[in-house]
1. Where residues in region 263-289 are open to solvent by 40 Å² or more (accessible area, probe 1.4 Å) and at pLDDT below 90, which of them is nearest to the chain's Cα centre (by Cα)?
2. Find the residue count for region 196-245, including only residues that are among the charged types (D, E, K, R), within 20 Å of R281 (Cβ to Cβ) and at pLDDT 85 or above.
3. Could you list, in sequence order, all residues of region 151-172 that are open to solvent by 20 Å² or more (accessible area, probe 1.4 Å), modelled with pLDDT of 95 or more and out of contact with any Cys (no Cβ under 8 Å at 6 or more places or on another chain)?
4. If you go through region 290-312, how many residues are farther than 22 Å from G237 by Cβ and either modelled with pLDDT of 85 or more or open to solvent by less than 40 Å² (accessible area, probe 1.4 Å) (or both)?
5. Considering region 12-47 alone, what residues qualify as being among the polar types (S, T, N, Q), more than 23 Å from the chain's Cα centre (by Cα) and under 24 Å from I152 (Cβ atoms)?
6. Select from region 1-31 the residues that are touching a Ser or Thr at 6+ places or on another chain (Cβ under 7 Å) and open to solvent by less than 40 Å² (accessible area, probe 1.4 Å) and write down the one among them that is nearest to L63 (Cα to Cα).
7. Restricting to region 19-39, name every residue that is within 21 Å of K7 (Cβ to Cβ) and in a helix (DSSP H, G or I).
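The values are calculated or read from the model by the stated rules, or taken from the named source; none is laboratory data. What you are looking at is a predicted structure, and each value in this text was computed from that prediction instead of being measured. Note: ideal-geometry Cβ built from the backbone for every residue, glycine included; neighbour counts use all protein chains shown. The accessibility values were calculated without ligands, DNA or RNA, using every heavy atom of the protein model including side chains. Shrake-Rupley method; radii C 1.70, N 1.55, O 1.52, S 1.80 Å.
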Amino acid sequence: DGVIYIKKNNKYYKRQFERQINVKWFGAKGDGTNDDTIYFKKAFEFLNISKSIDLIVPNGVYLISETLIINSEFNLIGQNSFKQIKVGGLEKENATILRWVGYTNSVIVKVENVSGIEISKICFDTGNGQNLGVNGIIGLQFINKSITRHNIVKGCYFNLLTKGIEFFDDGQHIDSNANMDSNSIQNCIFYYCEIGICIDQLNVYNCDIYYCSFYGNYSHTKHHILIKQGHADVIGGYLGILKDENSVGGKNGVAIDVSNGFINVSNVYGECHNGEFFVWRSSNSAEPSVSSISNCIVNANSSKFPNDYQILNETDNILN
């Protein structure tokens, strides 16, 4: 009924609040032991009928076993997205962590046809170690039915995922491949993901990626940014190592790979790449497109692949 009740001494009281609600009000523990999926779903259901704007997720490890779906306008706000390591290497979970413990080939949080929301200060991960523990897991996925724009992902941490963030056209809706523009990813860290950011929606325009850092792994990081279809602007940030010749399937890492679309990259620092830094192989001839790279430094400090670290334009379009 749009009211949150508190039971005390066998009496029920109406909770008074403004703007913000807390996922722990719905029973979430965040103790890294109990599955908190049902409590997040209860909070999401409440937000669908209330006028609250922010769902606050305090520091803790929240085990998630089913996809959480955001389909109304509310912000998902954590307290801290970065894991801190104590002296001696012991992990201190002083962060808001959504840790996947469900099936393979799943999504932790899915945003369906929502505009104007913020997701911030949350760590999306699949485990504690340095190996990709669960296959096919996407941290945050945006799905479009008609309009999905002006959303902000800020200060989040994507750890040991198959894809950190994905913009995706599921092809199930007549207008799904339109109006997915002007979304922003700011000051996020992608750590040991197979693909950091994947854009697979033709009308993703002006997806702004600001000052994000991508830390790769020699065994499984294929791409930091992969554009299957769409457009992005990358401003600032760090792009680290990729797969090497000893990885499964061999060396095939490309830091920025544009399959069908275009991109503008500026003020990026790339280091220790084991393949080409940038490849543009777009076959999109529907409209003339121009990609550009400016003020970037790529530090090729590996003697194993002296002829790599290239910028390749395999299209007939203009690369500045």
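1. Of everything passing the filter in region 263-289, E271 is nearest to the chain's Cα centre (by Cα).
2. Step one: list which residues in region 196-245 are among the charged types (D, E, K, R), which gives 200, 208, 222, 228, 233, 243-245.
Among the residues that remain, those that are also within 20 Å of R281 (Cβ to Cβ) are: 200, 222, 228, 233, 243.
If we keep only those that are at pLDDT 85 or above too, we end up with 200, 222, 228, 233.
Residues flagged as among the charged types (D, E, K, R), within 20 Å of R281 (Cβ to Cβ) and at pLDDT 85 or above within region 196-245 amount to 4.
3. Listed by number, the list holds a single entry, I152.
4. We begin by selecting, within region 290-312, every residue farther than 22 Å from G237 by Cβ; these are 303-307.
With either modelled with pLDDT of 85 or more or open to solvent by less than 40 Å² (accessible area, probe 1.4 Å) (or both) added as a condition, the list becomes 305.
The total comes to 1.
5. Correct list: Q20 only.
6. Per the criteria, the residue is I21.
7. Matches in region 19-39: V23, K24, W25, F26, I38, Y39.
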